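Shown next, in structure tokens, is the structure this report addresses.
The values are calculated or read from the model by the stated rules, or taken from the named source; none is laboratory data. In this text the structure is predicted, and so the values were computed from the model without any measurement. As a convention, Cβ positions derive from the backbone with ideal geometry for all residues, glycine included, and neighbour counts pool all protein chains shown. Only protein heavy atoms, including side chains, enter the accessible area calculation; ligands, DNA and RNA are left aside. Shrake-Rupley method; radii C 1.70, N 1.55, O 1.52, S 1.80 Å.
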Amino acid sequence: MVSGDAAFDRGGDNTRIERVVIVGGGTAGWMTAAALAKTVPAHVKIVLIESEEIGTVGVGEATIPSIRTFNNILGLDEFDFIRYTHATYKLGIEFVDWNRLGERYFHPFGDHGRHTQEFKFLQLWLRLKSGYARGMCPDPGPISDYNLCSVAAARGRFLTTNGATSTPGPSLRYAFHFDASLYAKYLRRYAEGRGVTRIEGRIAGTDLRSDDGFISSVTLDDGRTIAADLFVDCSGFRGLLIEGHLNAGFESWSQFLPCDRAVAVGSEPLSDFPPYTRATADSAGWRWRIPLQHRVGNGYVFSSDHISQDEATARLLSQIEGKPINDPHLITFTAGHRRSMWVKNCVAIGLSGGFIEPLESTGIHLIQTGIAKLLLFFPDKRFAQANIDEFNVATLLEYEAVRDFIILHYCATERSDSSFWRERGAMVIPERLKARMSLFCSTGRIFRYQDELFTDDSWLAVMLGQGVTPKSYDPLVDKIPLPEIAKNVARLRQITAQVVDSMPSHRDFIRQYCGA
Ligand code: FAD
């Protein structure tokens, strides 16, 4: 029997978690600390240990719109956050040279067009494209003309109704580019203000309980011992607790994502603050450009089997706009994840749990969902295995969905100008991705499973951008006369352009409302 009061066993006060230790003070550590400080009951004491001497990974500055949910839950003031972290707004990612050299496309946030009750806008647009090919209607143009973020990004415009103006009308879906070290500082101030204790020190050892192998405490190199009931490992790639002491094991995805290095460098700010990230495919990987208010973050993610570190660094430095403002630094990684991200009384969040290259800016999002799941499955001291198992299954599904979306950018390429790209075009891809691509090719349909991060609009932007073109459209759309579709769609294109016309430049918006 599991129903009724008799079966209900909260376990009493002696089973409740009293102390949580977060190991690491990078983006993952301070996001976790801030979220726990906001949500857990007052009896839970939160301690964060970090080592300035070790430092943080020092990258991770482009986000996706879910970051706004996180900031809103904490109750952060958006303009104050933007000023403090020297942030800019982000409307999507421009992909350059991915399908063929010289081609570019935009993966925007938000919808393309307006979906009717019966049909997705994509189907109406495909119907028009097919009509145009047969001389039956005008060319509806690229689908990006119907996405507010795409049009605004191309013209460097931005407007949010979020407290700044009372302008009615459709609003932009957006995220941010920010200085990661300042974001961590901002959250530190928030978390310490809500009772989180920070300990500066280097963890040198861990004590495991002899009966069940759970972590009882960590020991710093000065001999201090810090005990807790629950440990959150935010120690970065090293996975100090989850791997170093609990041997979770690592599942590599390098067969799908062979890039294993990045070289990063900052450069002088761009005068017009482009409101988007740029990802440019290069001969052995790709380069990012992330414009902040006070500098630009640049990097080259590459495969060390295809280019040397010196060549990659030289290539990056030759391609940045403006002068570099620091020395390039190298980061080494392997795509993949811990086999279990929660083991015994330790949960890995951030790079300690796994890594998927930042082509779609998903690192911080995965931290956020890790935290959300930790709260959803928050344990008591009995650490029910069913609870741990469910957390691990849900986390893995999430990582796999992101991985497949990233692989799409590589496998659907026509580039053959380097061995790296020839290999990508010929790669074996996960079955689920293969099925998704062939459904889109044959019918123009995108089918998503519940809770998947990337929306239909994201999939279609990248599929079309990568040259995955539907041969057909939803046959039910034929019930609407073609001239009617053409008229409505043309009107929508015009309205989208007009709405963007009325927006200020992104730079002016930042200067007026949240300039540093
Ligand atoms: P870290 O920043 O490495 O922090 C680890 C912490 O653990 C540090 O405070 C360190 O001092 C502490 N620590 C470690 N060992 C010890 C010890 N023995 N004792 C005490 N303290 C210890 N994500 C995005 O969302 N967008 C992006 O654009 C993006 N770009 C990226 C580009 C690259 C090249 C890489 C590698 C990642 C990128 N990411 C991006 C991911 C993002 O950087 C990370 O998810 C994020 O920074 C979180 O890192 P972290 O806090 O897990 O680890």
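Listed here are the strands (runs of 3 or more DSSP E) enclosed by segment 261-369 that have at least 1 residues being open to solvent by less than 10 Å² (accessible area, probe 1.4 Å): 261-267, 277-282, 285-291, 296-302, 336-338, 346-348.
Only residues that are closer than 16 Å to H112 by Cβ and open to solvent by less than 70 Å² (accessible area, probe 1.4 Å) were counted across segment 467-490, and they come to 8.
Would you tally the residues in segment 257-287 being within 11 Å of the ligand (Cβ to nearest atom) and β-branched (V, I, T)? Matching residues across segment 257-287 total 2.
Just one of the listed residues (R432, R422, R493, R511) is more than 23 Å from the chain's Cα centre (by Cα), at pLDDT below 95, surrounded by fewer than 19 Cβ atoms within 10 Å (Cβ to Cβ) and not in a loop (DSSP other than H, G, I, E, B), namely R511. Pairs linking a residue in segment 343-361 that is farther than 23 Å from I388 by Cβ and near the ligand (Cβ under 10 Å from one of its atoms) to a residue that is assigned to a helix (DSSP H, G or I) and aromatic (F, W, Y), with Cβ atoms under 6 Å and 6 or more positions apart or on different chains, do not occur.
Of all residues in segment 219-230, at least one satisfies being away from the ligand (no atom under 12 Å from the Cβ), under 31 Å from the mean Cα position of the chain (by Cα) and more than 30 Å from R68 (Cβ to Cβ).
Check whether at least one residue in segment 75-88 is under 24 Å from Y410 (Cβ atoms) and more than 22 Å from the chain's Cα centre (by Cα), and report yes or no. Within segment 75-88 (the criterion being under 24 Å from Y410 (Cβ atoms) and more than 22 Å from the chain's Cα centre (by Cα)), the answer is no, since none of the residues qualifies.
Regarding W98, is this residue more than 15 Å from the ligand (Cβ to nearest atom) and in contact with a Lys or Arg (Cβ under 9 Å, 6 or more places away or on another chain)? Spell out how you get there, then give the answer.
Values: more than 15 Å from the ligand (Cβ to nearest atom): yes; in contact with a Lys or Arg (Cβ under 9 Å, 6 or more places away or on another chain): yes.
Yes: the conditions hold for W98.
The residue pairs whose first member lies in segment 96-110 and is of a type in the set (F, W, Y), whose second member is open to solvent by 30 Å² or more (accessible area, probe 1.4 Å), and whose beta carbons are closer than 6 Å, counting only pairs six or more residues apart or on different chains, are F106/S144; F109/R173.
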